[in-house]
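Take a look at the structure below.
The values are calculated or read from the model by the stated rules, or taken from the named source; none is laboratory data. Since this is a predicted model, take the numbers as computed values, not measurements. Here the Cβ positions follow ideal geometry from the backbone for every residue, glycine too, while neighbour counts run over all protein chains shown. To get the accessible areas, we keep the full protein, side chains included, count just its heavy atoms, and leave off ligands, DNA and RNA. Shrake-Rupley method; radii C 1.70, N 1.55, O 1.52, S 1.80 Å.
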Amino acid sequence: MKITIIGTGYVGLVTGACLAELGNDVFCLDVDQKKIDMLNSGGIPIHEPGLEEVVARNRAAGRIRFSTDVAASVAHGVLQFIAVGTPPDEDGSADLQYVLAAARNIGRHMTGFKVIVDKSTVPVGTADRVAAAVREELAARGEHTEFSVVSNPEFLKEGAAVEDFMRPDRIVIGHDDTHAGLRARDMMKLLYAPFNRNHERTYWMDVRSAEFTKYAANAMLATRISFMNELANLADQVGADIEAVRQGIGSDPRIGYSFLYAGAGYGGSCFPKDVQALERTARQYDRELLILRAVEAVNDRQKRVLGEKVVTRFGADLAGKHFAVWGLAFKPNTDDMREAPSRVLLAELVERGATVSVYDPVAMPEAKRVLALDLAPEKLSRIRFVDAPMDALDGAQALVIVTEWKAFRSPDFEEIKTRLVQPVIIDGRNLFDPRLMTEQGIEYHGIGRSILTRK
């Protein structure tokens, strides 16, 4: 099938590469010439395990191409996937200017039937706005070409996106029951047929329900995270081990184990933005989502927990003190720094006068970029980026772990003790067993596990 992907960001590039991997003829469009040049020269603009190999393989086979030519992109595919960014607007709603611009370009250039697929995460009702934009452009040309707008939200985890796309647990597709909508359904069914050979993974529904499903899924996952973080903070006070609690409640099949890990708060491009956008949608209908408001408030508070643990242990004035930080990206296997808890921690440490050495296996270049936006030059100068995790420890009062990279899970604790000024680990992801840390002679502060390290 001939497919056009509009936008070569995280969702668009993964979608285009994986659909090409299945044998489709994919045309990827982006307005950023530098990004297109990078893709055509063999690079990729994001870090995602396995993606570079998939792109290279399909570029060599001629199944995927990259261009800024809008007219050519519209002419190429009957299926037009809109996968552009929907950043949060000032009021928390999703900014749809790029989605609607893509829709207008399609309407401006289309000459035959098109299935316009909303792949970007968009609020309920966006398909109607996309259809209206296309109709306006067709009317301006005096055209009455048939088209259908379909909702096909993505459910990709950063760090495992290629695997998620190629082995989906569900495919959600929303369409209407018009002639064009049923025609679009047939084409989408054919496109996703390779994923349904073992068993049917596609959930068919109306367009608005599909749009709602994406937000509801992310809101539920964010709720589980904030719920466990709030319980973890209480566990520290009452003398309970949140890891034991997690296993106890996770064994209930109605609850399950996923997304029940206490930590330093969630970040990234999806959960913060989607929770806010869903709250904004509710306000448009004079409704208030009290649970989601609490989820967001708890998460904002949780991002400050590591800084509070540092202050509790070393005092409010950190001038003259030096700390090591492992992990900068909001989660492992990505270089994404959007809404990363590390940004909150680093801002507080340097604001209180500390200096910091930081290490991340992948996110260092992106971290340098975003921290330069977050911090004044004199504050940024207090952060040193090192080339190896152990190099961050020299002269540090404590090691603070923010991101749960696998490379951090089994370190040389003897070397850690030798390099640190004093053997203190503040673990924002509960990577280590508190009792083992005590046996190793390390003062250990986890999230919701203080009962195991109390004297």
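Once segment 65-122 is narrowed to residues that are of a type in the set (Val, Ile, Thr) and assigned to a loop (DSSP other than H, G, I, E, B), the residue that is most open to solvent (accessible area, probe 1.4 Å) is Thr111. Being over 27 Å from Ile171 (Cβ atoms) and either small (Gly, Ala, Ser) or not in a loop (DSSP other than H, G, I, E, B) (or both) is true of Ala140.
Scanning segment 1-53 for residues that are assigned to a loop (DSSP other than H, G, I, E, B), small (Gly, Ala, Ser) and in contact (Cβ under 8 Å) with a residue 40 or more places away in the chain gives Gly7, Gly9, Gly23, Gly50. Please work out which residue is surrounded by the fewest Cβ atoms within 10 Å (Cβ to Cβ), limiting yourself to segment 1-56 and to residues that are closer than 24 Å to His109 by Cα and of a type in the set (S, T, N, Q). Only one residue fits best here, namely Gln33.
Of the candidates Arg224, Arg254, the single residue that is at pLDDT 95 or above and closer than 30 Å to Asp89 by Cβ is Arg224.
Taken over segment 132-147, the criterion of being closer than 17 Å to Tyr98 by Cβ and of a type in the set (Gly, Ala, Ser) is satisfied by Ala132, Ala133. Among all residues of segment 330-343, there is none that is assigned to a helix (DSSP H, G or I), over 21 Å from the mean Cα position of the chain (by Cα) and at pLDDT 95 or above. Within segment 132-150, being open to solvent by 10 Å² or more (accessible area, probe 1.4 Å) and more than 14 Å from Phe113 (Cβ to Cβ) holds for Ala132, Arg135, Glu136, Glu137, Ala139, Ala140, Arg141, Gly142.
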